[in-house]
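Here the structure is laid out as structure tokens; the discussion comes afterwards.
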Amino acid sequence: MSGGDPRNLLRKRWLGLNANGTYGDTYGIHGNNNESSIGKYVSQGCVRMHNVDVEKLYDKVQVGTPVAITYSYKSFLELTSVYGYEFKGYHLKEN
């Protein structure tokens with residue numbers, strides 16, 4: 001089913017990942033039809049996001065963007081330093 005079709009379990013957006021010898025058609029970052037499943041081990045290797053969030057991300061990511069998927073208790077800001085990425089996100093408020 002095409003993106004945006006209410007019957008499509010992945011909802012409107014799919015960001016394919018070239019992982020484990022695939023070409024972006026097996027693993028991906030996508031929305032879903034059961035938002036309570038986010039953060040649980042319920043997929044076959046995909047990253048599930050809230051639909052509104054994946055739609056925003058989709059508009060910001062270019063084809064070929066490197067992706068690092070990790071399990072960590074570190075903050076996103078800390079992980080950018082670990083992996084050598086420049087943080088170009090929102091501005092953190094100072095207390």
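Some notes on this structure:
- Number of residues in region 41-58 that are over 24 Å from TYR83 (Cα atoms) and not in a loop (DSSP other than H, G, I, E, B) equals 3.
- Among residues of region 20-47 that are within 22 Å of THR65 (Cβ to Cβ), those with a Cβ under 8 angstrom from a residue that is hydroxyl-bearing (Ser, Thr, Tyr) and in a strand (DSSP E or B), sequence gap 6+ or separate chain, pair up as ASN20/TYR27; GLY45/TYR27; CYS46/TYR27.
- Looking only at region 41-58, and only at residues there that are loosely packed, with under 13 Cβ neighbours inside 10 Å and of a type in the set (Val, Ile, Thr), the one that is nearest to the chain's Cα centre (by Cα): VAL52
Each row is one residue, and each column tells you yes or no for (1) in contact with a strand residue (DSSP E or B) (Cβ under 9 Å, 6 or more places away or on another chain); (2) surrounded by 13 or more Cβ atoms within 10 Å (Cβ to Cβ); (3) part of a loop (DSSP other than H, G, I, E, B).
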| position | (1), (2), (3) |
| --- | --- |
| ALA19 | yes, yes, yes |
| THR22 | yes, yes, yes |
| ASP25 | yes, no, yes |
| GLY39 | yes, no, yes |
| LYS60 | no, no, yes |
| PRO66 | no, no, yes |
| SER72 | no, no, yes |
| VAL82 | no, no, no |
| TYR85 | no, no, yes |
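- Subset of region 27-37 (residues that are surrounded by 13 or more Cβ atoms within 10 Å (Cβ to Cβ) and outside any loop (DSSP other than H, G, I, E, B)): TYR27, GLY28, ILE29, HIS30, GLU35
Coordinate-derived values only; no laboratory data. Because the structure is predicted, anything quoted here is derived from the model rather than measured. All Cβ positions, even for glycine, are placed from backbone atoms using ideal geometry, and neighbour counts span all protein chains on display.
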